[in-house]
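Here's the structure, in structure tokens; my notes come after.
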């Protein structure tokens, strides 16, 4: 089981994802924007970061960029419902910046579980 | 795809404008718009996304998407711009009104996707935790409706792509 940080400005979705991950046995923290996410990564050192891309102020692309600069070992799952640009393009950009899995919203919880299973050491 | 694959230039040729100034490769019809959009993003302290055409070493143009943001120092001074340039589908130029309509449609599609994602995820979670089959069946109907809604959001986004 892993320490996981869920980042999304949509509070209802964030809470549901967190509840599901707790149900799977993970230790879960939440953040509502990119700044809070970076602060929590620094303090709590999660193994997995699940982040939305389109968020006000500091978005997921900026979070990925900052983590890359810091040389952070956190494994990132990026998710997006699209924004002012095509969501696949946003997720491709996230991949280039180091996201190991990308999910297009809406997605099934099985997809999230599989994504986490694929990046955690067995 | 790296600099050589995209433009045919060696990265060192463009680094610090040693051989070629990157800005000079932007299509003349796109240059002013690119400058404005990047400048607005930097001034407003937000990431910028811009589409334009870049001249390759063989003289042909390639459509690209550039996403980036300003590098802000500890005292709030801007020391540069960091961005990622990737190949992008050709984006036809449209009138400002049509561009605005496309932007509004993309934003609406994004908001709908987030709403349907919340509905679907919560319904699936309730279904997993349900002790009664009838609740699970109701949740399955809600999830199916959310999936249909997400498909409509995709259609809206495709229409927006045609408008902007």
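Quick note: the coordinates plus some simple rules give every number you see, no bench work behind them. The structure presented is a predicted model; accordingly, all values stated were derived computationally and were not measured. Virtual Cβ from ideal backbone geometry, glycine too; neighbours counted across all protein chains shown.
What angle do you read, to the nearest 10 degrees and between 0 and 90, between the alpha-carbon axis of helix B:28-43 and the longest principal axis of chain B?
That works out to roughly 60 degrees.
Of all the C-alpha pairs in the range A:3-45, what % are more than 17 Å from each other?
Value for the range A:3-45 (Cα pairs over 17 Å): 27 percent.
What angle do you read, to the nearest 10 degrees and between 0 and 90, between the alpha-carbon axis of helix B:96-129 and the longest principal axis of chain B?
Value to nearest ten degrees: 40.
What's the extension gain from residue B:6 to residue B:155 if we count 0.36 nm per residue and subtract their Cα-Cα distance?
50.6 nm
For chain B, what does the relative contact order come out to in percent, with C-alpha contacts under 8 Å and a separation of six or more?
16 percent
Quick one: among B:70, B:130, B:117, which has the greatest mean-square fluctuation in a GNM of chain B with alpha-carbon springs under 10 angstrom?
B:130
Relative contact order of chain A: what whole-number percent is it, with Cα pairs under 8 angstrom and at least 6 residues apart?
Averaging sequence separation for qualifying contacts and normalising by length gives 22 percent for chain A.
Please average, across the residues of A:110-119, the number of beta carbons from any other chain that are within 10 Å of each residue's own beta carbon, and give a whole number.
0
Given the options B:13, B:133, B:30, state which has the largest fluctuation in a GNM of chain B using a 10 Å cut-off (strictly under) for Cα springs.
Result for chain B, Cα springs under 10 Å: B:133 fluctuates most.
Given the C-alpha centroids of the range A:30-95 and the range B:124-148, what is the distance between them in whole angstrom?
30 Å
Suppose we take every Cα in the range B:69-158 and form the convex hull; what volume per residue is that in Å³?
Cα convex hull per residue, to the nearest whole number: 178 Å³.
Based on the Cβ-Cβ distance from residue B:61 to residue A:111, what FRET efficiency comes out when R0 is 35 Å, to the nearest 0.05?
Given R0 = 35 Å and the Cβ-Cβ separation, E is 0.35.
Considering only C-alpha atoms, what is the centroid distance from the range B:26-62 to the range B:102-120, in Å?
Here the two parts' Cα centres lie 27 Å apart.
Please sort B:99-111, A:26-38 by packing, taking for each peptide the average over its residues of neighbouring beta carbons within 10 angstrom, highest first. Numbers along the way, then the final one.
Numbers: B:99-111: 17.2, A:26-38: 19.6.
Going by the mean number of other Cβ atoms within 10 Å, highest first, we get A:26-38, B:99-111.
Cα axis of helix B:133-163 to longest principal axis of chain B: angle in degrees, 0 to 90, nearest 10?
On a 0 to 90 degree scale, this one is about 30.
At 222 nm, what helix-only mean residue ellipticity would the protein assembly as shown give, in deg cm²/dmol to the nearest 500, using -39500 (n - 2.57) for each DSSP H run of four or more?
On the way: 10 runs with 146 residues, N = 286.
It comes out at -16500 deg cm²/dmol, rounded to the nearest 500.
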